[in-house]
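Single-structure report; data block below.
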Amino acid sequence: MASQIHPTAIIANGARLGQDLIIGPYCIIGEHVQIGDRCHLHAHVVMDGHTTLGDDNEIYPFAVLGKAPQHVHYKGEDSTLVIGHRNLIREHVTMHPGTKVGAMTTVVGDDNMFFVGCHVAHDCVVGDHVIITNDAMLGGHVDVGDYAYIGGNSAIKQFVRIGQYAMVAGMTGVTADVIPFGSVFGPRAEMVGLNLVGLKRRGFSKDQISAIRRAYRMLFADEGTFSERFEEVTRDYGDIDLVAMVLKFIKDGGDKPLCHPARQG
């Protein structure tokens, strides 16, 4: 079908539009914006800056994508926001481009869901199949792995990594990295176990889940130092794919702090 662009939409000269688009009333598209095919922009969507939107995305009213990042050192440089395919972006979502103190780009993958009022700050990297629910906030330079779930009203501190398949419960403040498959909760996030429901829903086998549970219990046991337990898990379970993902995540983080379970007593 031909694109349907409402007569009240304002599209700047230079904007690059794909095919079969629906652009609703009062949308504003800046001159450096590129939009792929079959995207649906509901009313009052604002896209600006050097923003690229892939195919088959749906964006709801009052979302603002690509406006200047909230960073004191941003001086108008041509940083970018790159959004992939088949994302659902609900009302009042904001996403900002990168900065020169980061990678100069913010990257959002494919098949994600961003619920009402959530925020993706400058220099973030969001993977695929991620769900970020109402009013959750990613600080600058946050990295969110595939299939992660971030609950409503949560806040992820700058430079924190959220591992693949991890779950951040609602009303949680995350100030340290969350391992893949981990589940955290609390005003200063503490590990409360594994995202077992998510693992089952994604089709992991009972044997895979049992292996990651055994490795988790060993990794966060009370005995010995964390580095000693890390070596022990590497020795006993390092050849199991899911455990290897966790170990690689921890190793890649270097000296970055990790969310741990609350100390007993």
Report summary line: Residues of the stretch 44-74 being farther than 20 Å from D110 by Cα and touching a residue at least 24 places away in the same chain (Cβ under 8 Å), in sequence order, are G49, P61, F62, K67, A68, P69, Q70, H71, H73, Y74
Query raised in the report: With respect to G170, is the statement that it is of a type in the set (G, A, S) and not in a strand (DSSP E or B) true?
Result: yes
Query raised in the report: With S205, S183 as the choices, which residue is without any contact (Cβ under 8 Å) to a residue 60 or more places away in the chain and buried (at least 20 other Cβ atoms within 10 Å of the Cβ)?
Result: S183
Requested in this report: Select from the stretch 129-149 the residues that are farther than 23 Å from A103 by Cα and free of Cβ contacts under 8 Å to residues at least 24 places away in the same chain and list them in ascending order.
Outcome: I131, N134, D135
**Report entry** Search result, residues across the stretch 241-265 that are within 28 Å of the chain's Cα centre (by Cα), surrounded by fewer than 18 Cβ atoms within 10 Å (Cβ to Cβ) and part of a loop (DSSP other than H, G, I, E, B)
**Finding:** G253, G254, D255, K256, P257, H260, A262
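Every residue, every condition in (1) modelled with pLDDT of 95 or more; (2) outside any loop (DSSP other than H, G, I, E, B); (3) over 20 Å from the mean Cα position of the chain (by Cα), yes or no:
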| site | (1), (2), (3) |
| --- | --- |
| P7 | yes, no, yes |
| G14 | yes, no, yes |
| H32 | yes, no, yes |
| T51 | yes, yes, no |
| A68 | yes, no, no |
| L81 | yes, yes, no |
| T106 | yes, yes, no |
| G117 | yes, no, no |
Report summary line: Exception for F181 within (1) aromatic (F, W, Y); (2) out of contact with any helix residue (DSSP H, G or I) (no Cβ under 7 Å at 6 or more places or on another chain); (3) within 30 Å of D135 (Cβ to Cβ) falls at (2)
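The values are calculated or read from the model by the stated rules, or taken from the named source; none is laboratory data. Owing to the predicted nature of the structure, the values given are computational and were not obtained by experimental measurement. Here the Cβ is made from the backbone with ideal geometry for all residues, glycine too, and neighbour counts use every protein chain on show.
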